Amino acid sequence: MNFGTKAIHAGVEPDPTTGAIMTPIYQTSTYVQESPGKHKGYEYARTQNPTRDVLQNNLAALENGKHGICYASGLAATDAILKLFRPGDEIIASNDLYGGTYRIMVRVFQEFGLKFRFVDLSDASALEEAITPNTKMVWIETPTNPLLRLVDIAAVANITKPGGIQLVVDNTFASPYLQNPLDLGADIVVHSATKYLGGHSDTVMGAIVLNDDETAQKLAFIQNACGAVPGPQDCFLVLRGIKTLHVRMQRHCENAQKIAEYLQQHPKVSAVHYPGLPTHHGHDLAKRQMRGFGGMLSFELVGDRMDEATRVMESFEVFSLAESLGGVESLCTHPASMTHASIPADERHKNGLKDTLIRLSVGIEDADDLIQDLAQAIG
Ligand code: P1T
C-alpha cells in the first residue's frame, strides 16, 4: 500500500457493531465484564481503549513499524523512553533540539542519575568520539528544531548498531510522510503528534513506533503503569488529522520552498535555514533521506538586532506569533524566549541559536498571501 492509502485505511475497520466508517470515540473509563476476568479484551481505559488502538496501529503502519504506542504529549512519550534507562547510563543527544526535550533530560532525568551529553551530530563522526562504554542511547532530531540541521540517520545507525546502542529519532519536523527513520536503521521513532500528525492545532499528543517486541512491551508497561495516556477524543482527532497528512504535507513543502527562496533573496535577511535550499549544508542528505524538505524554516535578519526582530514578529497579519508548529495555519515563533527558553542562553549561543532567530511553521494557506505578509512585516 502506498502512503496516502495507508494514512486513510491502515488499521481502520468499520465499527463492528454499527458499520460506522469513522472510528467511534469510545468515551468510557471502564468495560463491563461477564464474569471476573471474562471480558472482550478491554478492562480499564488507561490500559486499553479501542479508539487509541486504531490510532496506534495506523501510526505503526505509517512508520513501517510493528508497534505504535501513544502518550498524553510528545514529552510524555520522551519521558517513557527515558524511563528505559538506569542511573549511570549515558545518553548522547543532538545539541540543537526542542527546548522541552533538553529540559526533561537535564532538569528531570539528570536528577535521577542519567548522564547527558549534547553533541553537534550534523557530522556523524563527532558521535564516535562522544561514545563511551556506558553510552546506551543516541537521541536525534532531523531536521532539528529550530535550526533545521540535518543528521544522517543511516550513518549514525552504522555507529550505534554494533555496540547495541539504541538510536531514537524524533521525527516530528519531517512527519512519516517525508521520512521513515526505522527504514534507515533507527530503533525507535518518537513524534509530537500535536504537530503534523494532528495537523490542526487542536490537540496535544505523543507517539512512539518501533519494531523490537521486548522494548515495545516495556514501553506499553510504562504507558499503563505511569498513566500518561491520551484521551479517546484526542485519538479521534489525530486519526482524522492523519487522513489528510499526505495532502497537507505536499502543500506545506511547496509553500515553505517558495518562502525560503523569497527570504533568501531579501536584502534585509542574512540567513535562511531550510533544507530545500541548495545552499543548505544538508541539502544533498535531505534529498537522499527525505521525500521532501518540510514546512519548517528559520531565518535571521541583517544586523542581528533584537528590536528589529521583535518589530517584524509583531507586524505579521497572516502568520500568528505562537509556540507549536505543523498546523494548517502559519505560525511564527521566537525560539529564544518561547520554545527554547529552557535552554540556558550560553548553551543556546554556543550551539548557534541566536536570540534574534525567527522560526516559521509554514501553513497551507496561499503562498502569495504568506509572502506578501513577510514582505510587509520585514519592510
Ligand atoms: O509539545 P509536545 O506534544 O509535548 O511535544 C514536544 C516536542 C517534541 N519534539 C519536538 C521536535 C517538538 O518540536 C516538540 C514540541 N515543540 C513545540 C511546542 C515547538 O513549538 O517547537
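Every number in this text was worked out from the coordinates using simple rules, so none of it is lab data. What you are looking at is a predicted structure, and each value in this text was computed from that prediction instead of being measured. All Cβ positions, even for glycine, are placed from backbone atoms using ideal geometry, and neighbour counts span all protein chains on display.
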Mean Cβ count within 10 Å, highest first, over the residues of peptides 37-46, 335-344, 149-158:
149-158, 335-344, 37-46
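How large is the translational diffusion coefficient of the chain in µm² per second when you combine the Kirkwood radius over alpha carbon pairs with Stokes-Einstein at 37 °C and 0.692 mPa s? Mind dumping the intermediate values first?
Values: Rh = 21.3 Å.
It comes out at roughly 154 µm²/s.
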For MET205, the residues 5 or more places away or on another chain with a placed amide H closer than 5 Å to its own amide H are GLY74, ALA193, THR194
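Divide by every residue of the chain the summed helix terms, -39500 (n - 2.57) for each DSSP H run of at least 4, and state the resulting mean residue ellipticity at 222 nm, rounded to the nearest 500 deg cm²/dmol. Walk me through the numbers before you get to the answer.
Values: 14 runs with 132 residues, N = 379.
For the chain, the value works out to -10000 deg cm²/dmol.
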Long-range amide H partners of ALA271, meaning residues 5 or more apart or on another chain whose placed amide H is closer than 5 Å, are GLU300
How many angstrom separate the Cα center of the stretch 155-174 from the Cα center of the stretch 254-305?
25
May I ask you to derive the FRET efficiency for LYS287 and ASN158 from their Cβ-Cβ distance with R0 = 22 Å, giving the value to the nearest 0.05?
0.65
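Take the alpha carbon gyration tensor of the stretch 305-359, find the square roots of its eigenvalues, order them as a ≥ b ≥ c, and report rounded if a/c is under 1.5; if not, report prolate when a/b exceeds b/c, else oblate.
Numbers: a/c = 2.88, a/b = 1.49, b/c = 1.93.
Oblate, because a/c is 1.5 or more while a/b does not exceed b/c.
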Rank THR132, THR333, THR356 by mean-square fluctuation in a GNM of the chain with C-alpha springs under 10 angstrom and give only the top-ranked residue.
THR132
Under unit Cβ charges (Lys, Arg +1; Asp, Glu -1), what dipole magnitude, rounded to 20 debye, does the stretch 245-378 have relative to its Cα centre?
580
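For a quick protection proxy, order the peptides 209-216, 64-71 by their average other-Cβ count within 10 Å, most packed first. Provide the component values of the computation, followed by the final result.
Numbers: 209-216: 17.2, 64-71: 21.6.
Result, highest mean first: 64-71, 209-216.
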Considering amide H positions built from the backbone, and no H for Pro or chain starts, which residues 5 or more places from ASP170, or on another chain, come under 5 Å of its amide H?
ILE140, GLU141, THR142, VAL190
DSSP-defined antiparallel bridges as percent of all bridges, the stretch 128-282, nearest 5
40
For the stretch 50-107, what is the convex hull volume of its Cα atoms per residue in Å³?
120
All lysines inside 29 Å of LYS287 as judged from Cα atoms, apart from same-chain residues fewer than 8 positions distant
LYS6, LYS66, LYS161, LYS195, LYS243, LYS258, LYS268, LYS350, LYS354
Between the stretch 184-208 and the stretch 32-102, what is the separation of their alpha carbon centroids in Å?
11
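Only Cα pairs under 8 Å and at least 6 apart count here; give the relative contact order of the stretch 249-379 as a rounded whole percent. Intermediate results must be reported in sequence, preceding the final value.
Values: 211 pairs, mean separation 37.4, N = 131.
After rounding, I find 29 percent.
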Go through the stretch 84-123 and name the chymotrypsin sites (Phe, Trp or Tyr not before Pro) that are in a DSSP coil and have 13 or fewer other Cβ atoms within 10 Å of their Cβ.
PHE112
Against the longest principal axis of the chain, how steep is helix 306-315, in degrees 0 to 90 to the nearest 10, with axes from Cα atoms?
60
What lysines does LYS83 reach when the alpha-carbon gap must be under 18 Å and sequence neighbours fewer than 8 apart in one chain are set aside?
LYS115, LYS136, LYS218
Quick one: if you stick a label point 7 Å off each Cα along the C-beta vector at THR17 and ASN224, how many nm between them?
2.2
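Counting other Cβ atoms within 10 Å of each Cβ, which trypsin sites (Lys or Arg not before Pro) in the stretch 282-379 have at most 13 and sit in a DSSP loop?
Values: sites: LYS287, ARG288, ARG291, ARG305, ARG311, ARG348, LYS350, LYS354, ARG359; in loops: ARG291, ARG305, LYS354.
Answer by residue number: ARG305.
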So in the chain, what percent of DSSP beta bridges are antiparallel if you round to the nearest 5?
55
Indicate the gyration tensor shape class of the stretch 228-338 (rounded, prolate or oblate), computed on the Cα atoms with a ≥ b ≥ c the square roots of the eigenvalues: a/c under 1.5 is rounded; otherwise a/b larger than b/c is prolate and the rest oblate.
oblate
For the chain, with the dipole built from +1 on Lys and Arg beta-carbon atoms and -1 on Asp and Glu ones, taken about the Cα centre, which of ILE371, LEU197, THR160 lies farthest toward the positive end?
THR160
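How do the peptides 21-27, 11-17, 192-198 rank, highest first, by the average count of neighbouring beta carbon atoms within 10 Å per residue?
Numbers: 21-27: 15.3, 11-17: 12.4, 192-198: 26.9.
By packing density, highest mean first, the sequence is 192-198, 21-27, 11-17.
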Are there GluC sites (Glu not before Pro) in the stretch 295-374 that DSSP marks as loop and that have at most 10 other Cβ atoms within 10 Å, and which are they?
GLU317
